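See below for the structure under consideration.
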Amino acid sequence: MIVLAVGTAGAAVAWAACRVSARAARPAVVPAGRCAVVTACGWAWLGWRWSVGGLPAWWLPVPLAVFAVAAPLAAADLRHRRLPDVLTAAAAVVVGVAVVVSAITLDAITLDAVAAGEGEPGAGLVVRSAAGALAFAGAHALVRAVSPRSLGAGDVKLAVGLGGAAGAVGWPALVVGAAAASLVTLAGACVLQWSRQWSRQWSRRWSRQWRCRGATGRGSPHGRRPPHGPGLPHGPGMLFGACLVVAFPGAALDGEVEAAARAIAGTGMNTGMSAGTGTGMGAVTHSPG
């Protein structure tokens, strides 16, 4: 039941994002139904992982935020070869809010550890997120300055939100996310190049077969070869890498989990000691003589 409710909420969020993108100053119309289905599946899967203990509850808002904008942004980049500003800005804001919510929840869990002077893990989460956003966006901006054809301005803007999410996981997550994005883009470009070569070979084969009808006669495919459009955009790869690292944070969150465990254990020990002390005092008070 929980998984179904989470999936339905994800579908509603993705549908709203698609509508906002379609009504923006520079509209980018994307298939809202397909994006809603993809996001619903992603959110339902995250809800299932949380229900079986695969994700800590305090961390859940961050992957939900990244998955919420992943499908609409990827669809816009694939269809229009650009990332709408309204969605990249929304991604940065939503991820930032999610990180703050996770930090507050984490601090609430580890309240006893914070009171004992062991640090504030929630504050560290926010600091890592902000530093990751700056570092990730700065790296992409540098690549765009050196090679403008490699990345678009939308990729740099998208790096702010995705860098904040990956930075909250930890610095290694930024490297893993960037590497996964590059691999996905490279693999997609290879598949795209192979499909174009196959299409050209098919076109030449049929051109020779229909040559008797004339170079431009009816039935000749001459002049109708598939166009050499732009290469595969990098945005979908970036989104895949970010979804990967936030959905599988692994050992990167062990420090926060251990702090929470210490706080819970400390609470139990303090309660037990208080109860034991009270019992001992009562025994002394009522002892004869």
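Quick notes on this structure:
- Subset of segment 69-119 that is among the charged types (D, E, K, R) and in a helix (DSSP H, G or I) - its residue that is modelled with the lowest pLDDT: Asp112
For (1) closer than 25 Å to Leu125 by Cα; (2) buried (at least 16 other Cβ atoms within 10 Å of the Cβ), each residue gets a yes or a no:
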position	(1), (2)
Val3	no, yes
Val6	yes, yes
Arg23	no, no
Pro27	no, no
Val30	no, yes
Thr39	no, yes
Trp43	yes, yes
Pro56	yes, yes
Leu60	yes, yes
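- Answer from Gly154, Gly132, Gly167, Gly163 - the residue that is crowded, with 17+ Cβ neighbours inside 10 Å, in contact (Cβ under 8 Å) with a residue 24 or more places away in the chain and in contact with a Pro (Cβ under 9 Å, 6 or more places away or on another chain): Gly154
- Only one entry in Trp202, Trp171 is aromatic (Phe, Trp, Tyr), over 19 Å from Ala92 (Cα atoms), modelled with pLDDT under 95 and out of contact with any Asp or Glu (no Cβ under 8 Å at 6 or more places or on another chain), namely Trp202.
- Only residues that are part of a helix (DSSP H, G or I) and more than 22 Å from Leu78 (Cα to Cα) were counted across segment 137-181, and they come to 17.
- Of all residues in segment 10-21, those that are in contact (Cβ under 8 Å) with a residue 24 or more places away in the chain have Cβ atoms under 8 Å from Cβ atoms of residues that are buried (at least 24 other Cβ atoms within 10 Å of the Cβ) and among the hydroxyl-bearing types (Ser, Thr, Tyr), 6 or more apart or on another chain, in Gly10/Thr39; Ala11/Thr39; Val13/Thr39; Ala14/Thr39.
- Residues located in segment 62-75, provided they are crowded, with 24+ Cβ neighbours inside 10 Å and either of a type in the set (Ser, Thr, Tyr) or touching a residue at least 60 places away in the same chain (Cβ under 8 Å) (or both): Val62, Pro63, Ala65, Val66, Phe67, Val69, Ala70, Leu73
- Candidates Trp43, Trp48, Trp15, filtered to the one that is assigned to a helix (DSSP H, G or I), touching a Gly at 6+ places or on another chain (Cβ under 9 Å) and within 20 Å of Val86 (Cα to Cα): Trp15
- Meets criteria (of a type in the set (Asp, Glu) and buried (at least 22 other Cβ atoms within 10 Å of the Cβ)) for Asp107: no
- Condition met for Val66 (at pLDDT 95 or above and in a loop (DSSP other than H, G, I, E, B)): no
The values are calculated or read from the model by the stated rules, or taken from the named source; none is laboratory data. Quantities reported herein were computed from a predicted structural model and do not represent experimental measurements. Cβ sites come from the backbone with ideal geometry, for glycine too, and all protein chains shown count toward neighbours.
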